[in-house]
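Heads up, the thing below is written out as structure tokens.
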Amino acid sequence: MVKFLKNILEIFGVVYLRFRIVPRLWCVWLVAVNAASLLFIGHIEAQVVLAATGIAVVIQALIYNKTGFTRILGSAHILWVPMFAWMATRLETIQADPMLALWLTVLFVTNAVSLIIDAIDAARYFRGERTPHYSWAETQTA
């Protein structure tokens, strides 16, 4: 369990302290938009976003444990696809709350862009770019 928590902290450490400025700002935005689920936690949609985010972090920690900070980490975001498909069945309910609808629109656009980035990264990983491109330990930073 300690190793698992260490992996999560290292992932966030790399993202917030080692990424170049543009990817770092993008990740701050991505996390903030997903974490905004807490502002709407009384809605089932926000609860699902929070659960999907938590599961994705767990999957990323498991991948990180096996591969390090490689391009395949973003594959955990695939959970967003069924999440948004389910939300599409709830559009009438969502549109009844304008603030919820606005947040979910921003979330959808943000996560869709992230999924495109993740797909590019996954393709690069499967084409052979498997070396960790960031590391928490400074002596190993690429």
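Rounded to the nearest 500, what is the chain's calculated 222 nm mean residue ellipticity when only DSSP H runs of at least 4 contribute -39500 (n - 2.57) each, over all residues?
That comes out to -22000 deg cm²/dmol.
If you rank HIS133, HIS43 by fewest surrounding Cβ atoms within 10 Å, what's the result?
Ordered by Cβ neighbours within 10 Å, fewest first: HIS133, HIS43.
Can you compute the label reach from THR110? Point 7 Å from Cα along the Cβ direction, backbone N cut-off under 12 Å, restricted to the stretch 1-27.
In the stretch 1-27, the label zone of THR110 (backbone N under 12 Å from the point 7 Å along Cα→Cβ) covers 26-27.
To the nearest 10 degrees, how steeply does helix 2-13 sit against the main Cα axis of the chain, on a 0 to 90 scale?
80 degrees
About the Cα centre of the stretch 2-140, what is the dipole size in debye to 20, counting +1 per Lys and Arg Cβ and -1 per Asp and Glu Cβ, all else neutral?
560 debye
Arrange TYR16, TYR125, TYR64 by Cβ neighbour counts within 10 Å, fewest through most, would you?
TYR16, TYR125, TYR64
What does the extension gain come out to for LEU5 and ASP97, with contour length at 0.36 nm per residue minus their alpha carbon separation?
Between LEU5 and ASP97, full extension yields an extra 29.5 nm.
Would you mind giving the three semi-axes, in whole Å and largest first, of the ellipsoid equivalent to the chain according to its Cα gyration tensor?
Its equivalent ellipsoid spans semi-axes of 29, 15, 14 Å.
What is the chain's relative contact order, in percent, from Cα pairs under 8 angstrom and six or more apart in sequence?
After rounding, I find 31 percent.
Could you give the length gained by full extension between ILE21 and THR67, i.e. 0.36 nm per residue of separation minus their alpha carbon distance, to one decimal place?
Between ILE21 and THR67, full extension yields 14.2 nm more.
From the phi of every residue in the stretch 72-78, what ³J(HN,Hα) in whole Hz does the Karplus formula 6.51 cos²θ - 1.76 cosθ + 1.60 yield, where θ is phi - 60° and glycine or proline is x?
So the J values, rounded to whole Hz, are 8, 4, x, 4, 5, 6, 4.
Values quoted throughout were computed directly from the atomic coordinates according to the rules given, and no laboratory measurement underlies them. Worth saying up front: this structure is predicted, and the values here are computed from it rather than measured. Backbone-built Cβ (ideal geometry, glycine too); neighbour counts: all protein chains shown.
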